[in-house]
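Student: Shown below is the structure under consideration.
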Amino acid sequence: LEFRRVLFRSNSDSDSQDLAPVDRSLSGAENLSPGMLLTRSYWQPRLDVFAMGDSNPGEAAQGSAWAEGAALSGGVDVHRISGNSAMDLSYNAGGTFSSDSGATNGIVQGLSFEDKFSFRRSSITFYDQLSYLPGSSFGFGGLGGLGGSLGSSGLGPVFGPSQTILTGAGQNLGNSFVTEFDTALTPRSSLTFVGGYYSLHNFNSNLLDSGNPNFRGGYNYQLTRKDTIAVLYTFSGFRYNNSAESFDTHTAQVSYGRLVSGRLAFQIAVGPQIIISRILIS
């Protein structure tokens with residue numbers, strides 16, 4: 001269940017103008033976005049500063065001492081329209097710092113790329129999202145969850161970085177590459193096919209490296225200008241280095257999306273999931 005809000009405004013205050021056609025598939029790799037599609041090229045620098053308090057900066061088993069910390073990052077967003085191509089590129093770099101001498105500082109690097117090629121009745125989109133972080137992206141908020149520029153809402157939870165467990169300190173490199181193909185059947189209906197692979201490598205911890213292939217097929221139908229439904233199937237495989245254990249998930253869902261206004265969108269999906277685990281028995 002997800003709500004998304006964008007913090008930019010169109011040239012008109014009318015709701016009908018805000019809801020310009022958004023050709024993003026409900027069953028696609030990206031999150032549903034309420035914003036208007038950007039039709040001009042631009043670039044935009046940015047700077048983010050975070051202040052934090054940590055009750056256990058050294059991540060010790062019995063640690064309880066408080067320490068102050070900060071995170072600083074800067075980057076640039078690029079949106080380029082050329083012919084049938086719409087490209088978004090976002091780069092982020094920075095670091096994390098702590099007043100505790102026992103807590104290590106960390107390096108933050110992030111790169112998000114998207115290029116969509118549109119044709120008469122179909123489109124193909126390539127995504128790549130890379131992160132180099134001093135811990136799980138789950139614990140880094142805006143720094144770890146790099147989603148691209150205003151033209152992109154970022155990859156969804158299946159195809160984007162899947163580090164949902166808060167781990168200890170340690171640099172890791174994660175990369176997700178995804179390809180999406182959309183084709184229109186009628187003015188209201190379309191098919192979506194998505195394939196991708198996410199890899200995670202840990203540099204200075206004893207956590208296992210992993211690989212995660214994903215596939216999705218979906219049928220989308222636009223009920224009204226604001227309402228869309230979709231039926232989709234998603235496969236995800238989880239593989240680990242130096243381990244014979246693995247598991248696959250098979251998920252069938254019915255999804256509903258609504259553009260509430262020009263700045264707010266709502267999306268919900270429900271359905272069963274089958275998990276098949278493989279454990280080596282010696």
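The values are calculated or read from the model by the stated rules, or taken from the named source; none is laboratory data. Predicted, not measured: the structure shown is a model, and the values here were computed from it. Cβ placement follows ideal geometry from the backbone for every residue including glycine, while neighbour counts extend to all protein chains displayed. Keep in mind that these areas ignore ligands, DNA and RNA; they rest on the heavy atoms of the full protein, side chains included. Shrake-Rupley method; radii C 1.70, N 1.55, O 1.52, S 1.80 Å.
Student: Just to verify a result, which residue in the range 92-113, among those that are touching a residue at least 60 places away in the same chain (Cβ under 8 Å) and outside any loop (DSSP other than H, G, I, E, B), is surrounded by the most Cβ atoms within 10 Å (Cβ to Cβ)?
Tutor: Narrowing the range 92-113 to residues touching a residue at least 60 places away in the same chain (Cβ under 8 Å): 103-104, 106-107.
Narrowing the set further to residues that are outside any loop (DSSP other than H, G, I, E, B) leaves 106-107.
Details: Gly106: 20, Ile107: 12.
My answer is Gly106.
Student: Restricting attention to the range 36-52, which residues are farther than 30 Å from Arg24 by Cβ and at pLDDT 80 or above?
Tutor: If the condition is that a residue be farther than 30 Å from Arg24 by Cβ and at pLDDT 80 or above, then Val49, Ala51 are the ones that fit.
Student: Then there is this: Does Ile229 meet the test of being over 30 Å from Phe117 (Cβ atoms) and of a type in the set (Val, Ile, Thr)?
Tutor: No, not satisfied.
Student: Inside the range 223-254, can you point out the residues that are open to solvent by 30 Å² or more (accessible area, probe 1.4 Å), out of contact with any Leu (no Cβ under 9 Å at 6 or more places or on another chain) and not aliphatic (A, V, I, L, M)?
Tutor: Residues of the range 223-254 that are open to solvent by 30 Å² or more (accessible area, probe 1.4 Å), as a first pass: 223-226, 228-229, 231, 233, 235, 238-245, 247, 250, 252-254.
Checking the rest, the ones that are also out of contact with any Leu (no Cβ under 9 Å at 6 or more places or on another chain) come to 223-224, 231, 233, 235, 238-239, 247, 250.
Passing the criteria: Thr224, Tyr233, Phe235, Phe238, Arg239, Phe247, His250.
Student: Name the residues in the range 145-172 that are within 10 Å of the chain's Cα centre (by Cα) and at pLDDT below 65, would you?
Tutor: Gly145, Leu146, Gly147, Gly148, Ser152, Ser153, Ser162
Student: Also, quick follow-up: Can you name the condition, by its number, that Phe181 falls short on among (1) of a type outside the set (Ser, Thr, Tyr); (2) crowded, with 17+ Cβ neighbours inside 10 Å; (3) at pLDDT 75 or above?
Tutor: Every listed condition holds for Phe181 apart from (2).
Student: Scanning for something in a loop (DSSP other than H, G, I, E, B) and of a type in the set (D, E, K, R), does the range 265-278 turn up at least one residue? Let's see the steps before the verdict.
Tutor: Initial filter on the range 265-278 (in a loop (DSSP other than H, G, I, E, B)): 271-272.
Still in the list and also of a type in the set (D, E, K, R): none.
Checked against the condition, which is being in a loop (DSSP other than H, G, I, E, B) and of a type in the set (D, E, K, R), the range 265-278 yields no hits at all.
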